[in-house]
Amino acid sequence: MKFRIYRYNPETDDAPYMQDYDLSIDAGDKMLLDAILLIKEQDDSLSLRKSCREGVCGSDAMNINGRNGLACITQLSELKQPIELRPLPGLPVIRDLVVDMTQFFKQYHSIKPYLVNNDPPPETERLQSVTARAELDGLYECILCGCCTTACPSFWWNPDKFVGPAGLLQAYRFLADTRDQATAERLDNLEDPYRLFRCHSIMNCVDVCPKELNPTRAIAKIKDMMVKRIV
Amino acid sequence: MTISKRTFDVVVVGAGGSGMRAALAMSEAGLKVAVLSKVFPTRSHTVAAQGGIAASLGNVTEDNWHWHMYDTVKGSDYLGDQDAIEFMCRAAPEVVYELEHFGMPFDRLDNGKIYQRPFGGHMQDYGKNPVQRACAAADRTGHALLHTLYQQNVKANTNFFVEWMALDLIRDEDGDVLGVTAMEIETGEVMILHARATLFATGGAGRIFSASTNAYINTGDGLGMAARAGIPLEDMEFFQFHPTGVYGAGVLITEGVRGEGGYLVNRDGERFMQRYAPNAKDLASRDVVSRAMATEIKEGRGCGPRGDHVLLKLDHLGDDVIRHRLPGIREISLKFAHVDPAQAPIPVVPTAHYMMGGIPTNYHGQVVAPYKTGPEEVVQGFYAVGECACVSVHGANRLGCNSLLDLLVFGREAARQIIEDLARNPHPKPLPPDAAERPLARLARLDTQKEGESVAEVGDAMRHVMQAHCGVFRFPDLLAEGVKQIGEVAVRARNTVIKDKSRIFNTARVEALELDNLIEVAQATMHSAAAREESRGGHARDDFPLRDDVKWLKHSLYFSAGERLDYKPVRLKPLTVESFPLKARVY
Ligand SMILES: Cc1cc2nc3c(=O)[nH]c(=O)nc-3n(C[C@H](O)[C@H](O)[C@H](O)COP(=O)(O)OP(=O)(O)OC[C@H]3O[C@@H](n4cnc5c(N)ncnc54)[C@H](O)[C@@H]3O)c2cc1C
Ligand code: SF4
Ligand code: SF4
Ligand code: FES
């Protein structure tokens, strides 16, 4: 199978380039990550992040034939050749397929991603109804892979000002939690022309999320809460 | 190479569930803590835990910690230390409630309490009937737990060193531990982290086997570092093979599937666990189920054209239950086994999963080793928690859902102990002059080595030897041959070559350094297994099929230097209750 992979090592390369690899492999039911690791056995200088190999840790997000995804759960047989692999767009490249995610995590941290409840905790669990808990489905499952945010044009233009779909999805995760008491602060924190309102519902984020989550819907719900709060 | 140095109160190596639970308590107590992780914290392998966390909340069926304790002792095949087991089972409800208060999105019952499901080996009334003890967030409990703990650490302003790999432990001539040397993966920079307390929370080492449920990063680094620094490794022969890894891929299918009513069938469609464990059936302990599966396969009742796996049937649960309670399993099954579990059964095989052994500690997380006066002397300044530690609560076989519990209970307890110890010991000891000698030599070798085998080649050889010689059933000739072969692989590992000499995000170098650790773990496992002439929990010898409490009711201690074994007694006396007497183990 034929691959074209983005290569860049700031120590030795003046500029990034695409390198071709030819791998004799039977795609069968193998995943893209399996193939990349076989390439790495031949050329150990190819750098990427990987860990769980089952789509739960969020390490191996990359741009695969023009679309962001996780290599470990992308079926090799479904990819058109040459398979073109690039680092996630919109973030500085450290080396090869490894990007610097500092900005991504900074935005995630900026939404205060933790439960706030200042009541003294009860002896046992805080109660939550089945329906209230169901509000968190489709939100808490995010693996912080960055596929969505780095596919979002609004984030490319304003990475320092726009929270981005991943961060906003988590902002809504806490807004939607009946145990959280910081609703007003959370909304204040997003009340700004950029942080939330730069989202123009382009839906790239929804398209690429490997966990089939829907940041656009969460963003709409936050906007809704903002509006309701004014009236 | 020049190396920088920084000083902290505490260095935590590992940001999985155990490391982050401990870090949270210490950050909140105002200590200056550095938490190192090879990967961004939420990418640690705790994220993959599916089924649940055990605690006798009794939200669905009546339960109490005495029953939980009994199950854990029995599950451990009586090798678990009963003081530590009592400590863990008593603290379980409290740490789970705490986690809920931190924001953990547990599933709920109609009355608003935490949802609990049945799990293997967890029973009511001292072994009578299955109990619902596993507190769950769908089948993503580990993900929910790890993210919740990370979030609380963000709130507490914990100082993370992300993508820093610890290389070696620093011990002075008294044997006290004074920190670690570590490498920043992004830049290749090496640094000494000097600390009054060093806590290892580096997780498991499932990557010593070729078929494993573990992540690529589970390379037993903490054990390798400890072994190189002269600390023995305890009970390494006890490795858990999970009954239900996806055939071929190794990805885990949680026991929670059987908790929700799924069961295993052989080629004749027979629910064979009825024959092996008439009472608990598919919810017997993992070692029992894995051996039953291996026996079915060996005796020609396996499925598929090669008869080399069995089937996990859950279509009778209905699409609704599967989508609601087991959404992650549905996803894994579709992606890795290409079956919709609501339509067809999932092909599964026993797969290397969990390391019961590890760095020996007491139930306060303090590392204990034979030193001057006795087998369990505290190593000053050194602590270990989570899968890399051997407390020992899991003994010869861990019960499902007891690991996440172990992370929280002992993570929190080690933090408490460290806070107490540091209050007594305000001044750091000076570093020895050769503090960074070993890691620098290891790095220098990789920099200068021009010829040799690749890391991948030697790694494959190691995984092959372990898989073929130290699996679910262990045979005397294979073990003897395994000891010889793994020794040869260890020699080869000292001469690997990496072509990539760059300093920037050099993952080839990281993998070469990891191989050093894997080899330590593989050697310890093989040697300990070859020596133990009995069958107990996860260690099943073909030539000694029975448990032998007269000769072998004792913990193994493997010393890397000299490849030597020693033993120490099991702590049969709990803290406040009566001991559970030794009994034959039937489910
Ligand atoms: C697929 C799967 C499902 C499971 N399901 C369950 C379940 O349902 N219930 C249950 O109780 N248990 C379950 N277990 C077991 C349990 O998840 C693990 O035992 C547990 O999560 C281990 O946690 P830990 O904190 O010890 O380590 P980990 O979560 O593995 O974290 C290790 C940390 O150490 C860091 N690290 C390692 N080496 C270095 C180094 N050299 N330098 C710097 N950092 C380093 C890593 O980066 C990581 O942050 C499951 C295990 C697997 C594999
Ligand atoms: S919907 Fe909003 S967040 Fe998602 S890609 Fe479009 S602009 Fe970005
Ligand atoms: S929302 Fe989806 S794509 Fe975005 S970070 Fe989370 S898991 Fe990744
Ligand atoms: S390796 Fe963890 S998501 Fe792909």
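The values are calculated or read from the model by the stated rules, or taken from the named source; none is laboratory data. Predicted model only: the values in this text are computed from it and were never measured. Because the Cβ atoms are built from the backbone with ideal geometry, glycine has one as well, and the counts that use them run over all protein chains shown. Please note that ligands, DNA and RNA were not included when accessible areas were found on the heavy atoms of the full protein model with its side chains. Shrake-Rupley method; radii C 1.70, N 1.55, O 1.52, S 1.80 Å.
What to note about this one:
- For B:Leu79, the residues whose modelled amide H falls within less than 5 Å of its own, excluding neighbours fewer than 5 places apart on the same chain, are B:Ala396.
- In chain A, helices alone account for a calculated mean residue ellipticity at 222 nm of -8500 deg cm²/dmol, with every DSSP H run of four or more residues adding -39,500 (n - 2.57).
- Summarising the amide proton neighbourhood of B:Arg474: residues at separation of 5 or more, or on other chains, whose placed amide H is nearer than 5 Å comprise B:Ala540, B:Arg541, B:Asp542.
- The trypsin sites (Lys or Arg not before Pro) of the stretch B:120-208 that meet both conditions, a loop assignment by DSSP and at most 12 other Cβ atoms within 10 Å of the site Cβ, are B:Lys128.
- Share of carbon and sulfur in the accessible heavy-atom surface of the stretch B:335-461 [1.4 Å probe, %]: 55
- Scalar couplings 3J(HN,Hα) for the stretch B:200-207, obtained by applying the Karplus form with A = 6.51, B = -1.76, C = 1.60 to θ = phi - 60°, are 8, 9, 8, x, x, 9, x, 6 Hz; x denotes Gly and Pro.
- Neighbour-limited loop hits for GluC sites (Glu not before Pro), the stretch B:31-105 (at most 15 other Cβ within 10 Å; DSSP other than H, G, I, E, B): B:Glu62
- Taking θ as phi - 60° and the Karplus parameters 6.51, -1.76 and 1.60, the scalar couplings of the stretch B:365-370 work out to x, 6, 6, 10, 8, x Hz in sequence order, x denoting glycine and proline.
- Note that the stretch A:207-217 has calculated 3J(HN,Hα) couplings of 4, 9, 4, x, 9, 6, 8, 10, x, 4, 5 Hz, one per residue in order, obtained from phi through the Karplus relation 6.51 cos²θ - 1.76 cosθ + 1.60 (θ = phi - 60°); glycine and proline are x.
- Top of A:Pro82, A:Pro193, A:Pro165 by mean-square fluctuation, Gaussian network on chain A, Cα under 10 Å: A:Pro193
- 15 Å beta-carbon shell around A:Cys199, net charge (K/R +1, D/E -1): +2
- Between the beta carbons of A:Asp13 and B:Glu563, assuming R0 = 41 Å, the FRET efficiency works out to 0.35 to the nearest 0.05.
- Near A:Lys211, no amide H atom lies under 5 Å from its own; only residues 5 or more places off or on other chains count, and H is placed 1.01 Å from N.
- Using a Gaussian network model of chain A in which every pair of alpha carbons under 10 angstrom is joined by a spring, one finds that among A:Glu54, A:Glu123, A:Glu141 the greatest mean-square fluctuation is at A:Glu123.
- Sparse-neighbourhood loop sites, GluC sites (Glu not before Pro) in the stretch B:437-510 - DSSP loop, at most 15 other Cβ within 10 angstrom: B:Glu451
- FRET efficiency, A:Gln75 to B:Asp447 (Cβ-Cβ, R0 51 Å, nearest 0.05): 0.85
- Cross-link reach list, lysines versus B:Lys113, counting only Cα pairs under 30 Å and skipping chain neighbours closer than eight places: A:Lys112, A:Lys211, A:Lys221, B:Lys74, B:Lys128, B:Lys155, B:Lys281, B:Lys313
- Inter-chain Cβ neighbour average for residues A:135-147, partner chain, 10 Å: 4
- Our estimate of slack between A:Gln181 and A:Trp156, defined as 0.36 nm per intervening residue step minus the Cα-Cα distance, is 5.8 nm.
- Per residue, in Å², the accessible surface of the protein assembly as shown once ligands and nucleic acids are set aside, probe 1.4 Å: 35
- Dipole-positive endmost among A:Ile25, B:His527, A:Gln75 within the protein assembly as shown (Cβ charges, Cα centre): A:Gln75
- Straight-line cross-link partners of B:Lys499 among the lysines, defined as a Cα under 24 Å from its Cα and at least 8 positions apart when in the same chain: A:Lys2, A:Lys40, A:Lys50, B:Lys38, B:Lys450.
- Within chain B, the whole DSSP H helices whose Cα atoms reach 30 Å or more along their own axis and whose mean Kyte-Doolittle score is at least -0.5 are B:402-424, B:507-531.
- Theoretical ellipticity at 222 nm over chain B - DSSP helices of four or more residues, -39500 (n - 2.57) apiece, nearest 500: -10500 deg cm²/dmol
- By average C-beta atoms within 10 angstrom, highest first, the peptides B:512-519, B:562-569, B:323-330: B:512-519, B:323-330, B:562-569
- Using a Gaussian network model of chain A in which every pair of alpha carbons under 10 angstrom is joined by a spring, one finds that among A:Phe155, A:Phe104, A:Phe197 the greatest mean-square fluctuation is at A:Phe197.
- Cα gyration tensor, the protein assembly as shown - rounded (a/c under 1.5), prolate or oblate: rounded
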